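Notes follow once the structure below has been shown.
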Amino acid sequence: MYRSIIILFLCCCIAGCLPAPYFQKEEPVPQNAWSYNFKPAFSIDISDTNANYIPYFIIRHTQAYPYCNMWLWLYIKAPGDSIVKRERINIPLAETNGKWLGRGMGEIYEQRMRISLDSVVFNKIGTYQVSLEQNMRIDPLPEVLNVGFRLEKAGYRQR
């Protein structure tokens, strides 16, 4: 019995020690309504160019958010580049039956959505500039509390 409790305790400790993201930052949306002119920007220092990086979009919204998805522009400028790469991304926020994706507590839902980037690889040492812009047909976009960007290391590229 005592041994079973210790094993259960150790399993819980190990499962609770998830790796921290390489980068994560969230910005509060002014007045909980994301306007076209609010473009949160993030500076990310990359020092390991052999690693694979997985980007995520983070959103916190209320259950009164009026859509089942969100379109946004993601802008990324690599160190030393003068060109800013831009990708339009669709973020699903609800299932077809209307059930919100992500985690919910009360009336607030938070979701971390993996982003598939076709044109961006973090393969230069230095500071990358990343910014987000909402691209829905409504301005401002109501019931959005926070938005953010997360980058996780995921192994190393094959050479």
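Of all trypsin sites (Lys or Arg not before Pro) in segment 82-119, which ones are in loop regions per DSSP and have a Cβ with at most 15 other Cβ atoms within 10 Å?
Those satisfying the criteria are Lys99.
For segment 64-94, list residues with backbone N below 16 Å from a point placed 7 Å from the Cα of Val121 toward its Cβ?
78-79
With the convex hull built on the Cα atoms of segment 19-58, state its orientation-averaged projected area in nm².
Computed as one quarter of the Cα hull surface, the answer is 4.0 nm².
Can you give the net charge of the other residues whose Cβ lies under 15 Å from the Cβ of Glu143, counting K and R as +1 and D and E as -1?
-2
With a cut-off of 8 Å between alpha carbons and a minimum separation of six or more residues, what is the relative contact order of segment 79-158 in percent?
About 24 percent, as a whole number.
Taking only Cα atoms of segment 84-132, what ratio of Rg to Rh do you get with Rh as the Kirkwood inverse-distance radius?
So for segment 84-132, dividing Rg by the Kirkwood Rh gives 1.10.
Past 18 Å, Cα to Cα, is the threshold; run Lys39/Lys85; Lys85/Lys153; Lys85/Lys124 against it and keep the listed order.
Those over the limit are Lys85/Lys153.
When the expected Rg is taken as 2.2 N^0.38 Å, what fraction or multiple of it is the alpha-carbon Rg of segment 77-159?
Taking N as the residue count of segment 77-159, the ratio is 1.36.
Round to the nearest 10 and report in Å² the accessible area of Phe42, as given by a 1.4 Å probe over the protein chains' heavy atoms.
0
Which GluC sites (Glu not before Pro) in segment 52-159 sit in a loop by DSSP (not H, G, I, E or B) and have at most 13 other Cβ atoms within 10 Å of their own Cβ?
Listed in order of number, the matching sites are Glu95, Glu107.
Would you work out the Kirkwood radius for segment 64-109? I mean one over the mean of 1/r across all pairs of different Cα atoms, in Å.
13.0
The values are calculated or read from the model by the stated rules, or taken from the named source; none is laboratory data. Quantities reported herein were computed from a predicted structural model and do not represent experimental measurements. All Cβ positions, even for glycine, are placed from backbone atoms using ideal geometry, and neighbour counts span all protein chains on display. To get the accessible areas, we keep the full protein, side chains included, count just its heavy atoms, and leave off ligands, DNA and RNA. Shrake-Rupley method; radii C 1.70, N 1.55, O 1.52, S 1.80 Å.
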